[in-house]
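Here is the structure we will look at, set down as structure tokens.
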Amino acid sequence: MIRRQHPPRTNWQAKVEQLGLVYHTVDGHTYWDESAHYEFTPNEIDVLENATNELQEMCIKAAQHIIDANRFSNLAIPVDVEPLIIKAWNAEPPSLYGRFDLAYDGIHPPKLLEYNADTPTSLLESAVVQWFWMQELFPEADQFNSIHEKLLAKYQDIEPHLEGAVLYFAHVEDNEDWMTIAYLRDAAEQAGIRTSGILMHEIGWDSDRRCFTDMQEEEIRSIFKLYPWEWLIREKFGRELIDSHDRMQWIEPVWKMLWSNKGILPILWELYPGHPNLLEARFGDPGTMTEYVRKPLLSREGANIKVVGRYGVVKEDTQGDYGDEGYIYQALAPLRRFDSNYPVIGSWVIDGSACGIGIRESPTMVTDNRSRFIPHIFRP
């Protein structure tokens, strides 16, 4: 695993915008950064793929354990949502994708930082933009990236299970969410699924028919939402969502609350203590860990993360609106700096299998919304 620096392509902004990446620069900060790339060996790619597939299997068993042992309270999941999760888990409704965030340096085994299983972004960059970047600059190389092909195949697989004639795609007014949804819709339509876009605040509730509706008062039967379940159930119509849940096909399904919650990390450690792809993690306190990270169960974009080094020295302490739901404590990953940057590997899973990676890097140990996306290749 090597980080190589080089000049960006001439007119790179226009090139990535043509692929839909209109948020390549955010608040004056470069997000898509092609002034460098990471290069892997085939063996390192195999290591990442195998680790991702094993972690996926472990998460399946961990979710079953949460249900069987009634561990919902450890994840601060509301009691009235528990029956929905259990029913959806047993019914196995369509699930599209997820992204493991891994610490990896090409030397030590990949370590799981968290699982973005409900609303992962950076999909367009990973699936499309870095692929065309490679085709232009390194056509002789390869890339761990079958995301688009696996996405099309998964859509074809779930199409017969959808309710109604239209699959709605819902999101908030944000450029990154907008383009992520645009890409997901385009892939769905390529797979033969009729789609319609809708903003979260445009979703209505028909109290007479007891259903959610679009702007034309048509009932929504199937919907993909780029909006976290923990937010959905606390919305104004959260009660109605719970009561009418069985009338709609939700993607991602409500049981993803088990995986997208950082409470899954201590449970994984309990079930697989000492596993090479896991970091020690605990509820309540750091125990005997001398270097650790305190993470809220539900934080996003690196908010409210405290990194504690030896002798209790606080290395980083980010701000945000999370933490009331509780914290977990995770051993500090053995992060390696590449040219003064810390990379985090986003390893994508579609239909339960690893299918590609995207890399975010930052000068700090916490990945946040200003962390840059760096493309990658590997040499066959």
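The values are calculated or read from the model by the stated rules, or taken from the named source; none is laboratory data. Bear in mind that the values here come from a model prediction, so they are computed numbers and not experimental data. Because the Cβ atoms are built from the backbone with ideal geometry, glycine has one as well, and the counts that use them run over all protein chains shown.
Filtered by the rule that a residue be out of contact with any Asp or Glu (no Cβ under 8 Å at 6 or more places or on another chain) and in a loop (DSSP other than H, G, I, E, B), the range 167-202 gives V172, E173, D174, R194. Suppose we keep only residues that are of a type in the set (D, E) and either under 17 Å from the mean Cα position of the chain (by Cα) or in a helix (DSSP H, G or I) (or both) within the range 115-156. Which one would you say is farthest from E176 (Cα to Cα)? Ranking the candidates gives E136 first. For the range 213-238, the set of residues classified as under 26 Å from the mean Cα position of the chain (by Cα) and free of Cβ contacts under 8 Å to residues at least 40 places away in the same chain consists of W231, L232, R234, E235, K236, F237, G238, listed by residue number. Please count how many residues of the range 301-321 are buried (at least 19 other Cβ atoms within 10 Å of the Cβ) and either closer than 28 Å to Y227 by Cβ or in the same structural domain as P228 (by TED's automatic domain parsing) (or both). Total satisfying the criteria: 3. The residue list G192, G204 contains one member that is in the same structural domain as N70 (by TED's automatic domain parsing) and either surrounded by 22 or more Cβ atoms within 10 Å (Cβ to Cβ) or in contact with a helix residue (DSSP H, G or I) (Cβ under 9 Å, 6 or more places away or on another chain) (or both), which is G192. Checking each residue in the range 150-165 for being crowded, with 19+ Cβ neighbours inside 10 Å and either modelled with pLDDT under 95 or hydrophobic (A, V, I, L, M, F, W, C) (or both) picks out L151, I158, L162.
The rows are residues; the columns are (1) of a type outside the set (V, I, T); (2) surrounded by fewer than 20 Cβ atoms within 10 Å (Cβ to Cβ); (3) within 23 Å of P266 (Cα to Cα); (4) modelled with pLDDT of 95 or more.
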site	(1), (2), (3), (4)
P8	yes, yes, no, yes
Q18	yes, yes, no, yes
V22	no, yes, no, no
P42	yes, yes, no, yes
N50	yes, yes, yes, yes
M58	yes, yes, yes, yes
D68	yes, yes, yes, yes
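The sole residue among R300, R294, R337, R282 that is among the basic types (K, R), under 15 Å from the mean Cα position of the chain (by Cα) and farther than 18 Å from T52 by Cα is R300. Close contacts from the range 337-361, counting a first residue that is on the phi > 0 side of the Ramachandran plot and a second that is of a type in the set (A, V, I, L, M), with Cβ to Cβ under 6 Å and a gap of 6+ residues or different chains, come to G356/I147. Is at least one residue of the range 292-306 at pLDDT below 95 and under 17 Å from N74 (Cβ atoms)? Taking every residue of the range 292-306 in turn, at least one turns out to be at pLDDT below 95 and under 17 Å from N74 (Cβ atoms).
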